[in-house]
Structures are given as C-alpha cells and as structure tokens.
Amino acid sequence: MNQIVLMSDPEVAAIPVVECGEGLVDVRRGGSLLVDTREQDAAGVFAYLREGVLNRLLHAQTLLPPGVRLLFVEGYRPPALQREYFEEYADQLRAAHPEWTHRQIHSATSRYVSPPDIAPHSAGAAVDLTLADAEGRELDLGTPMNADPEESAGACYTDAPGISEEARGHRKLLGSVLTAAGLVNYPTEWWHWSFGDRYWALLSGHAKALYGPTDVSPVRARPSDSG
C-alpha cells in the first residue's frame, strides 16, 4: 500500500477479531529487553504484551548488529486510558481547527492516537520502541518518541523527508528487523509496531485479527501519548 491507511479507516474496523486467548506477559522478566521507564504506570502494565508479540521482538533483537539493542518503551494500554488519550488529543485539534468537521477531527486524531475501539495497544498487540547502543543510550531516529505531527512538522512519519541520513539509517534498521520478525508499522509513527491486531491483519493480508481489546489493572494517566 502506497497511501497511508489511518487507524480510523473503515477498512481497519471491518477486520473481524477471532481472539486466540493468548496471555499478556511482562517483557521485563528475564532481562532480555532494555525497558525504558518513561511511560511507567502505577500497576506496571505498560510493560505487558501478548506472548507472541514479545517472542517476535526477541527474535528481531537477534537480527540487530553488535552494539545495538531494542529499547522497549510501551506496550499494553487499558481501553479506558486509550479513550482518555484519544479524546484529549481530539480536543486539542478542535481548539486549533474549529472549522474542521467531526469526521476530519476523528481522522486527524487517529494519526497519533488510535480510536479506542480498534487500538492495538489495548489488545496488547502494539509496542512503542526505539534503538539504543550497548550502554542503553537512545540512538537518533529523527524525532523524540511520541512527538505528534504538529510539533514535529510531520517528521514523526516513518518515511518523512528532511531528517538526517543517520536518523534515516536507524529507522531503516529498526524497520528491517521488526518487519523480518512479522510486525507492521503505523506509518505516521516510526516507533509504533504491532502484530496480531486489526491493522496488522489489513496490512499483511490476513482475514482476521488474533488479538482483541483486553482489560487488566488500570494505570495512572499521563499528559500525552501516541499510537
């Protein structure tokens, strides 16, 4: 697909979910992944993913060159919190663009926060992550993680022009190993990758999603978010 399909597209919602029942697991167990705590919540559920997604991340990490590691930032997000973030960003866009219709607001919001009813994070299917060196220092990928389209002037888009060659190379490296492990990217956010959700099913040609929204312990709200 050459044109970006947004999370709000009816094609995404039309994908049926046949829940496979796979559990959520804590990515911190075993210490195989570097885990950043910037999105940590009181219950610690930010560090949970479906087991199949975690296994694919661990495989992707083996494909990286020496001295480079995946840096996990956020996985699972409860549906209620997803809705809070979606409505918060939609309110920001309404204030900035009072002339936009409800449909325009909904679509523009989905560039940065997925509609709650189909959100991959709430299914434990999505991960926000980046690359780090052997000492855990983040590599340059062109924008801070979670930079929205407005503040980054669109540089948060995976294929955005105008970023440095070093940052572009890092994005390509991240994409190559995650794609090889079976994940798909949301093209408006270079850091957002998923497996088993509706968006993954649509982009990868599967007739159904494996993971639907699930609910566990609530987490503390934070001021901004993406994906």
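Read-outs: derived from the displayed coordinates by stated rules, not from any lab. Treat the numbers as computed from the prediction; the structure is a model and nothing was measured. Because the Cβ atoms are built from the backbone with ideal geometry, glycine has one as well, and the counts that use them run over all protein chains shown.
Observations
- Subtracting the Cα-Cα distance of residue 99 and residue 26 from 0.36 nm times their residue separation leaves 21.9 nm of extension gain.
- Rounded to the nearest 20 debye, dipole of the stretch 74-201 from Cβ charges on Lys, Arg, Asp, Glu: 440
- Projecting the Cα atoms of 149, 130, 120 onto the charge dipole of the stretch 79-174 (Cβ charges, centred on the Cα centre) puts 120 farthest toward the positive pole.
- About the Cα centre, charge dipole magnitude for the chain (Lys/Arg +1, Asp/Glu -1 at Cβ), debye: 480
- Candidates 185, 146, 55: whichever shows maximal mean-square fluctuation once the chain is modelled as a Gaussian network with Cα springs under 10 Å: 55
- Residues whose amide H lies under 5 Å from that of residue 181, counting only those 5 or more places away or on a different chain, are absent; hydrogens are built 1.01 Å from N in the peptide plane.
- Projected area averaged over orientations for the chain, convex hull of C-alpha atoms, nm²: 11.9
- Annotation: for a label point projected 7 angstrom from Cα along Cα→Cβ of residue 203, residues of the stretch 146-161 with backbone N closer than 16 Å are 146, 156-160.
- Adding -39500 (n - 2.57) for every DSSP H run of four residues or longer, then dividing by how many residues the chain holds, sets the calculated 222 nm ellipticity at -8500 deg cm²/dmol.
- Label zone at residue 55 (point 7 Å along Cα-to-Cβ), backbone N below 18 Å, the stretch 61-82: 61-63
- Highest-fluctuation residue, 189, 74, 88 considered, GNM on the chain with Cα pairs under 10 Å: 88
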